[in-house]
Every structure is written in structure tokens, then in C-alpha cells.
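A quick write-up on the structure given underneath.
The values are calculated or read from the model by the stated rules, or taken from the named source; none is laboratory data. Predicted, not measured: the structure shown is a model, and the values here were computed from it. Note that we place each Cβ from the backbone using ideal geometry, even for glycine, and neighbour counts take in every protein chain shown.
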Amino acid sequence: MRAQVEETIEVIRPALQADGGDIVLREVDEASGIVSVSLVGACGTCPASTLTLKAGIERIMKDRIDGVTEVVNVA
């Protein structure tokens, strides 16, 4: 599952970098399906980052990867 998450992040990353931000994968818990990431740069301080995380990143990961249940932002 981790390899699939890493591949998906590489697809998402250019859009985040275009806005001055980035995403760092912290942990993939295969038992619970929770993916922990850190939004950095402009994404780390953006008021819309929660929307980006839930409506964008989490939705894409759930669509592409079986077993992903949630994506959470960790410091």
C-alpha cells in the first residue's frame, strides 16, 4: 500500500507545488487505512488546506488505492 500512496503523491505534488506548497508522506498504517502526511510551504499555512486535504488528496487516494480510509495532516 505504501508504494501506491507514494505513487499517488507524485501525481498530486505538482498541483501543490504550483501554489508554493508540498506534501510529505509521514506514515501509512495499513491496518487502519490511515495515511499521515504533512502539508508544507504555502499549504502548511493556507486556510483552505483542510479542504485541499479532505476534498482533494483524501478523495484521490481513496479512489486510487484500496484500503485507504482517511488522510490526516500531522505536524
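Among the residues making up the range 8-42, those that are of a type outside the set (A, V, I, L, M) and over 11 Å from the mean Cα position of the chain (by Cα) are Pro14, Gln17, Asp19, Gly20, Gly21, Asp29, Glu30, Ser32, Gly33, Gly41. Summed over the range 26-64, the residues that are β-branched (Val, Ile, Thr), closer than 12 Å to Ile12 by Cβ and not in a helix (DSSP H, G or I) give a count of 2. Taken over the range 47-75, residues that are at pLDDT below 95 and either in contact with a helix residue (DSSP H, G or I) (Cβ under 7 Å, 6 or more places away or on another chain) or surrounded by 17 or more Cβ atoms within 10 Å (Cβ to Cβ) (or both) amount to 2.
Sort through Arg64, Arg2 and tell me the only one that's touching a strand residue (DSSP E or B) at 6+ places or on another chain (Cβ under 9 Å), of a type in the set (Lys, Arg) and on the phi < 0 side of the Ramachandran plot. Outline the logic, then answer.
Details: Arg64 fails: touching a strand residue (DSSP E or B) at 6+ places or on another chain (Cβ under 9 Å).
Result of the check over Arg64, Arg2: Arg2.
Screening Ala3 with (1) in a helix (DSSP H, G or I); (2) loosely packed, with under 15 Cβ neighbours inside 10 Å; (3) under 10 Å from the mean Cα position of the chain (by Cα) gives one miss only, at (3).
Entry remark, the range 43-60: residues being small (Gly, Ala, Ser) and under 9 Å from the mean Cα position of the chain (by Cα) number 1 in total.
Only residues that are under 21 Å from Gln4 (Cα atoms), of a type in the set (Gly, Ala, Ser) and surrounded by 15 or more Cβ atoms within 10 Å (Cβ to Cβ) were counted in the range 16-37, giving 2. Taking the listed residues Glu30, Glu58, the one that is among the acidic types (Asp, Glu) and without any contact (Cβ under 8 Å) to a residue 24 or more places away in the chain is Glu58, with no other qualifying.
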